[in-house]
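Below are the structure tokens for one structure; questions will follow.
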Amino acid sequence: MMQTLRPLAQAALNVGRRFTGPRPATLADLARIRRVMGEQVLDCELRVARRVRAHLDGASIVMQLWLLRAEIYQAVADEFGQPEAMRRVERLAPLFDGLLPAKQRAT
């Protein structure tokens with residue numbers, strides 16, 4: 001697809017999702033989200049990073065992963081402060097595009 005058409009194509013997908021709702025997360029989606037979320041705590045204390053990764057590995061649906069952002073926030077805030085934690089958690093939001101209802105993402 002041409003570079004200039006990408007924003008238009010994304011807008012069309014977003015409009016379509018309003019009528020059809022979120023799409024189901026595939027195993028590949030879950031694996032990608034787990035990987036990126038786990039990367040956010042790699043530089044945290046080893047014990048904390050292992051705990052968070054264990055919870056990520058145990059999540060079987062996208063909603064569980066969405067809720068685990070709070071645990072990532074807490075782990076990073078304890079180690080590096082709240083501004084860094086907020087920055088890292090905000091980077092995770094695009095991973096869930098199209099996978100959660102819009103009202104859930106607003107929280």
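Between beta-carbons, use under 14 Å as the cut-off and find the net charge around residue 78, counting Lys and Arg +1, Asp and Glu -1.
-2
When only alpha-carbon atoms are used, what values of Rg and Dmax, in angstrom, describe the range 38-98?
When restricted to Cα atoms, the range 38-98 yields Rg and Dmax of 11.0, 33 Å.
Enter the accessible area per residue of the range 49-103 (Å², integer; probe 1.4 Å; all protein chains in place).
Normalised by residue count, the accessible surface of the range 49-103 is 56 Å².
The values are calculated or read from the model by the stated rules, or taken from the named source; none is laboratory data. Since we're looking at a predicted model, the values are computed, not measured. Counting neighbours? That spans all protein chains shown, and the Cβs are built from the backbone with ideal geometry, glycine included. Please note that ligands, DNA and RNA were not included when accessible areas were found on the heavy atoms of the full protein model with its side chains. Shrake-Rupley method; radii C 1.70, N 1.55, O 1.52, S 1.80 Å.
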